[in-house]
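In what follows, a structure is listed as structure tokens, so that the remarks can point back to it.
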Amino acid sequence: MTTFIIRRLLLVPLLLFGVTIIIFMMLQLLSPVERSALYVRDFPKNEKAVDGIIRRYGLDKPFYEQYWRWLVGIKDPVSGERNGGILFGDLGYSRTASQPVNELIKNRFPNTLDLTIWTIAPMILVGIWLGVQSAIHHNGWFDQAARMFSIIGTSFPTFVFGLMLLMFFYANLGWFSPGRLTDDLMQVVNKPTFIKYTSLITFDALLNGRVDIFLDAISHMVMPIITLSYISWATFLRVTRSSMLETLRMEYVTTARAKGLPERDVIYKHAQPNAMIPVVTLAGFSVVGLLGGVTITETVFNYPGIGSAAARAAVNLDVVTVLGFAIFIGFILIVANLVTDVLYAVVDPRVRLS
Amino acid sequence: METQNEVLLKVDNLVKHFPIYRGVFQRQVGAVHAVDGISFDVYKGETLGLVGESGCGKSTAGRTILQLYKPTSGSVDFQGVDLATLKGEELRHMRKKIQMIFQDPYASLNPRMTVGDIIGEPLMVHNVATPKEIEERVADLLNKVNLNPAFASRYPHEFSGGQRQRIGIARALALQPDFIVCDEPISALDVSIQAQVVNLLEDLQAQFGLTYLFIAHDLSMVRHISTRVAVMYLGIIVELADRKTLYTNPLHPYSQALLSAVPVADPVVEEKRKRVILEGDVPSPVNPPSGCRFRTRCPIAKPGVCDASKPEFREVDPGHFVACHLV
């Protein structure tokens with residue numbers, strides 16, 4: 001198991017290199033003029049400034065020189081200070097957020113992570129539960145109803161469903177509100193007396209003994225969680241259901257019955273764990289998707305995660321911020337895949353040896 | 001192996017139909033008559049061979065006897081209890097005494113469980129031993145099937161087909177059952193390993209006084225292991241006799257055809273012997289032929305007799321049952 005993890009870890013730098021190459025190449029698709037024009041206020045009139053930027057940042061140099069410069073940054077000849085360089089964790093300055101991209105990610109990502117953590121249970125566990133029950137009651141009324149219900153969720157465009165939730169729970173009932181926290185509680189959180197152990201508001205609230213903040217944060221997340229779960233249930237239901245149906249037909253399930261196991265154990269101890277292998281893959285992808293920021297959901301509910309920040313940057317042609325997010329999300333994806341691989345080995349002993 | 005006349009298991013008119021649903025409203029439009037009224041006794045300590053071609057319902061028969069499929073009708077009397085009427089807990093407790101060895105040693109072992117867990121689980125669910133006793137018992141069982149007790153911590157995929165089948169046998173033996181249905185236990189194995197597994201089954205039978213229902217299509221293997229043999233065709237038993245009688249004097253035309261398909265190792269005899277070759281395919285078990293089921297392929301079928309009524313499964317000689325109008 002340890003060697004398995006180490007071997008996978010050794011692959012990480014290689015994958016990261018691939019990610020930077022791909023992102024850099026995409027940037028190279030734009031001509032130097034196009035790239036520099038983004039930084040010039042009244043572009044067509046001010047062509048001289050474009051030339052200046054091209055020369056200053058070496059945008060006309062060969063691509064490998066530009067790539068190297070992008071990786072390690074530029075040393076200021078006078079002060080010797082390094083400027084830029086993603087290898088040193090400097091992702092540049094975000095125009096739209098008026099702060100370094102690093103800062104922006106540091107502020108926004110914990111919110112996304114918080115939302116991801118609280119979405120996992122309702123999205124994945126409920127989805128799996130629906131799938132298992134559907135398989136057990138194959139073609140029965142529960143199966144039909146669950147499939148119908150979940151396919152409706154998947155068919156909804158996220159923003160439509162989100163707006164319906166807002167209308168119902170926020171405008172009509174006033175139960176849940178969009179955003180992150182109620183304003184006065186946000187002020188408490190921003191005071192130095194509120195210690196940020198994890199930067200995740202729900203966990204910090206509990207660690208600081210502020211149950212009111214915890215509940216407030218959760219109540220702000222209810223609508224995004226419902227949205228994200230409901231649109232994913234059909235996928236989980238289908239994958240779990242078909243995998244479960246296949247497993248229930250396996251001979252070792254009959255063996256388990258022949259042993260005299262109660263039907264409950266036959267299903268949950270023998271069939272379900274074996275049926276989970278494709279579901280783990282799906283769950284891995286889903287969590288990666290959540291961590292990468294759920295742009296529409298965050299935007300609809302005005303939730304300050306990285307998805308809404310990236311969307312804002314993209315709309316405003318803030319290339320530096322978009323690239324920074326691309327690299328960051330690529331990194332998250334690689335780590336999450338590593339975790340999925342390890343989980344795979346836990347779920348399926350046959351993977352461990354190969 | 002001597003036949004004692006104590007009946008361990010009495011199968012009476014056992015029927016298993018699988019319904020077929022069609023259409024928008026999933027109405028039942030028919031049924032696969034997989035097992036269509038079979039009756040026989042199994043004596044304590046014997047091996048009853050059950051032979052027949054693929055799809056004749058022999059595996060379904062085995063599973064229906066063990067209540068792994070719910071019988072459509074009929075009864076399975078085991079030590080004075082009708083298994084077909086048992087449900088839930090009662091049936092689970094009976095499973096201590098009736099076990100099954102499966103055909104495919106690759107599919108029948110849970111790939112996520114260690115060999116020790118696979119063999120030990122029945123002991124655990126029936127609360128017959130403490131965890132420590134289970135460990136000892138698993139080691140003991142692995143020894144009995146000629147496997148290294150250290151294998152208990154390994155997973156099934158680390159073993160060969162023959163080894164896996166022996167794990168399956170150890171599992172079936174764990175609860176010290178009285179009766180084991182062997183559902184083609186050797187047909188998925190290499191020929192070189194078949195003999196090994198069959199010998200193991202015989203040794204274990206002698207050691208524990210087991211009773212087997214041995215389902216197979218390999219006639220020479222059945223001849224080797226069985227005390228009595230039943231021949232099945234399209235969901236019914238057409239002939240049942242002790243091994244010697246059946247192999248030397250088969251009465252039913254289907255048994256004759258089946259046995260004549262076994263090659264003889266002597267080229268002189270092989271040259272001269274008469275072979276009965278059956279024409280056509282096995283009819284569909286959804287619409288089995290009227291009257292005698294075998295009449296569509298029978299070389300001696302008589303119109304007006306064989307298609308008129310079902311032949312009775314009657315005792316023509318002591319212990320020799322046959323279902324044919326013309327015998």
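Of everything in region A:27-42 that's surrounded by 15 or more Cβ atoms within 10 Å (Cβ to Cβ) and more than 12 Å from A:VAL319 (Cβ to Cβ), which residue is modelled with the lowest pLDDT?
Among those that are surrounded by 15 or more Cβ atoms within 10 Å (Cβ to Cβ) and more than 12 Å from A:VAL319 (Cβ to Cβ), it is A:VAL40.
Just to verify a result, which residue in region A:240-259, among those that are hydroxyl-bearing (Ser, Thr, Tyr) and buried (at least 16 other Cβ atoms within 10 Å of the Cβ), is farthest from the other protein chains (Cβ to nearest Cβ)?
From region A:240-259, those hydroxyl-bearing (Ser, Thr, Tyr) are A:240, A:242-243, A:247, A:252, A:254-255; that's our starting set.
In the following step, the residues that additionally are buried (at least 16 other Cβ atoms within 10 Å of the Cβ) were identified as A:240, A:243, A:247, A:252, A:254-255.
Values: A:THR240: 16, A:SER243: 14, A:THR247: 10, A:TYR252: 4, A:THR254: 6, A:THR255: 5 Å.
Per the stated criteria, the residue is A:THR240.
Given the conditions (1) of a type outside the set (D, E, K, R); (2) within 21 Å of the chain's Cα centre (by Cα); (3) within 14 Å of chain B (Cβ to nearest Cβ), report the number of the one that A:TYR268 does not fulfil.
(2)
Within region A:81-121, work out how many residues are within 19 Å of A:VAL315 (Cα to Cα) and free of Cβ contacts under 8 Å to residues at least 12 places away in the same chain.
Here the count works out to 3.
Here's a check for you: in region B:35-46, which residue that is in contact (Cβ under 8 Å) with a residue 60 or more places away in the chain and in a strand (DSSP E or B) is surrounded by the fewest Cβ atoms within 10 Å (Cβ to Cβ)? Step through it out loud before you land on a result.
Just the residues of region B:35-46 that are in contact (Cβ under 8 Å) with a residue 60 or more places away in the chain, to begin with: B:35-40, B:42-46.
Applying the additional criterion that residues be in a strand (DSSP E or B) yields B:35-40, B:42-43.
Values: B:VAL35: 32, B:ASP36: 22, B:GLY37: 18, B:ILE38: 25, B:SER39: 16, B:PHE40: 19, B:VAL42: 23, B:TYR43: 18.
My answer is B:SER39.
Residue under question is B:GLU121, and the condition is that it be touching a Lys or Arg at 6+ places or on another chain (Cβ under 7 Å), within 12 Å of chain A (Cβ to nearest Cβ) and assigned to a helix (DSSP H, G or I); does it hold? Walk me through how you get there before you give the answer.
On the way: touching a Lys or Arg at 6+ places or on another chain (Cβ under 7 Å): yes; within 12 Å of chain A (Cβ to nearest Cβ): yes; assigned to a helix (DSSP H, G or I): yes.
Taking the combined requirement at face value, the residue satisfies it.
Select, from A:ALA256, A:ALA205, the only residue that is among the small types (Gly, Ala, Ser) and at pLDDT below 90.
Numbers: A:ALA256 fails: at pLDDT below 90.
Step by step, each of A:ALA256, A:ALA205 is checked, and only A:ALA205 is among the small types (Gly, Ala, Ser) and at pLDDT below 90.
Testing B:GLN194 on (1) in a helix (DSSP H, G or I); (2) within 14 Å of B:VAL51 (Cβ to Cβ), one condition comes back false. Which one is that?
(2)
Conditions: (1) within 17 Å of B:HIS33 (Cβ to Cβ); (2) without any contact (Cβ under 8 Å) to a residue 12 or more places away in the chain; (3) of a type in the set (Lys, Arg). B:LYS244 meets all but one. Number of the miss?
Against the list (1) within 17 Å of B:HIS33 (Cβ to Cβ); (2) without any contact (Cβ under 8 Å) to a residue 12 or more places away in the chain; (3) of a type in the set (Lys, Arg), B:LYS244 comes up short only on (1).
Going through A:PRO273, A:PRO262, A:PRO304, A:PRO224 one at a time, which residue ends up being in contact with a Gly (Cβ under 9 Å, 6 or more places away or on another chain) and within 14 Å of another protein chain (Cβ to nearest Cβ)? Walk me through it before giving the result.
Working: A:PRO273 fails: in contact with a Gly (Cβ under 9 Å, 6 or more places away or on another chain); A:PRO304 fails: within 14 Å of another protein chain (Cβ to nearest Cβ); A:PRO224 fails: within 14 Å of another protein chain (Cβ to nearest Cβ).
Answer to the selection: A:PRO262.
Report yes if some residue within region B:198-215 is buried (at least 24 other Cβ atoms within 10 Å of the Cβ), of a type in the set (A, V, I, L, M, F, W, C) and within 12 Å of chain A (Cβ to nearest Cβ); otherwise report no.
No; the residues of region B:198-215 include none that is buried (at least 24 other Cβ atoms within 10 Å of the Cβ), of a type in the set (A, V, I, L, M, F, W, C) and within 12 Å of chain A (Cβ to nearest Cβ).
Taking the stated definitions as given, is B:THR3 under 25 Å from B:ALA216 (Cα atoms), surrounded by 11 or more Cβ atoms within 10 Å (Cβ to Cβ) and modelled with pLDDT of 90 or more?
no
Which of the residues that make up region B:124-157 are within 14 Å of chain A (Cβ to nearest Cβ), surrounded by fewer than 18 Cβ atoms within 10 Å (Cβ to Cβ) and touching a Pro at 6+ places or on another chain (Cβ under 9 Å)?
B:MET124, B:VAL128, B:HIS157
If you take the residues of region B:72-91 that are at pLDDT below 90 and surrounded by 16 or more Cβ atoms within 10 Å (Cβ to Cβ), which of them is farthest from the other protein chains (Cβ to nearest Cβ)?
Residue satisfying both the conditions and the ranking: B:ALA84.
Just checking, which of B:PRO285, B:PRO263, B:PRO253, B:PRO289 is touching a strand residue (DSSP E or B) at 6+ places or on another chain (Cβ under 7 Å) and either touching a residue at least 60 places away in the same chain (Cβ under 8 Å) or of a type outside the set (Lys, Arg) (or both)? Give the derivation first.
On the way: B:PRO263 fails: touching a strand residue (DSSP E or B) at 6+ places or on another chain (Cβ under 7 Å); B:PRO253 fails: touching a strand residue (DSSP E or B) at 6+ places or on another chain (Cβ under 7 Å); B:PRO289 fails: touching a strand residue (DSSP E or B) at 6+ places or on another chain (Cβ under 7 Å).
Sole residue among the options that is touching a strand residue (DSSP E or B) at 6+ places or on another chain (Cβ under 7 Å) and either touching a residue at least 60 places away in the same chain (Cβ under 8 Å) or of a type outside the set (Lys, Arg) (or both): B:PRO285.
Within region B:221-250, can you find the residues that are farther than 16 Å from B:ARG314 by Cβ, in contact with a strand residue (DSSP E or B) (Cβ under 8 Å, 6 or more places away or on another chain) and among the β-branched types (Val, Ile, Thr)?
Matches in region B:221-250: B:VAL222, B:ILE225, B:THR227, B:VAL229.
Identify all residues within region B:92-111 that are facing chain A (nearest Cβ under 7 Å) and touching a residue at least 40 places away in the same chain (Cβ under 8 Å); write none if there are none. Don't jump to the end; show me each part of the working.
Of region B:92-111, the ones facing chain A (nearest Cβ under 7 Å) are B:92, B:95-96, B:99-100, B:102, B:104, B:107-111.
B:ARG95, B:LYS96, B:GLN99, B:MET100, B:PHE102, B:ASP104, B:SER108, B:LEU109, B:ASN110, B:PRO111, listed by residue number.
Is it the case that some residue within region B:245-256 is under 19 Å from the mean Cα position of the chain (by Cα) and surrounded by fewer than 21 Cβ atoms within 10 Å (Cβ to Cβ)?
First, the residues of region B:245-256 that are under 19 Å from the mean Cα position of the chain (by Cα): B:246-247, B:254-255.
Those still in the list that are surrounded by fewer than 21 Cβ atoms within 10 Å (Cβ to Cβ) too: B:247.
Checking region B:245-256: at least one residue is under 19 Å from the mean Cα position of the chain (by Cα) and surrounded by fewer than 21 Cβ atoms within 10 Å (Cβ to Cβ).
Within region B:60-71, work out how many residues are within 11 Å of another protein chain (Cβ to nearest Cβ) and within 16 Å of B:HIS17 (Cβ to Cβ). Give the derivation first.
To start, the set of residues in region B:60-71 that are within 11 Å of another protein chain (Cβ to nearest Cβ) comprises B:62-63, B:66-69.
Narrowing the set further to residues that are within 16 Å of B:HIS17 (Cβ to Cβ) leaves B:63, B:67-69.
The number of residues fulfilling the criteria is 4.
Residue-by-condition table, conditions (1) of a type in the set (S, T, N, Q); (2) farther than 27 Å from B:HIS93 by Cβ; (3) outside any strand (DSSP E or B); (4) in contact with a strand residue (DSSP E or B) (Cβ under 6 Å, 6 or more places away or on another chain):
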{"site": "B:HIS17", "(1), (2), (3), (4)": "no, yes, no, yes"}
{"site": "B:LEU48", "(1), (2), (3), (4)": "no, no, no, yes"}
{"site": "B:ARG63", "(1), (2), (3), (4)": "no, no, yes, no"}
{"site": "B:VAL76", "(1), (2), (3), (4)": "no, no, no, yes"}
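The values are calculated or read from the model by the stated rules, or taken from the named source; none is laboratory data. Keep in mind that what you see is a predicted model, and the values were worked out from it rather than measured. No Cβ is skipped: glycine too gets one built from the backbone with ideal geometry, and neighbour counts run over all protein chains shown.
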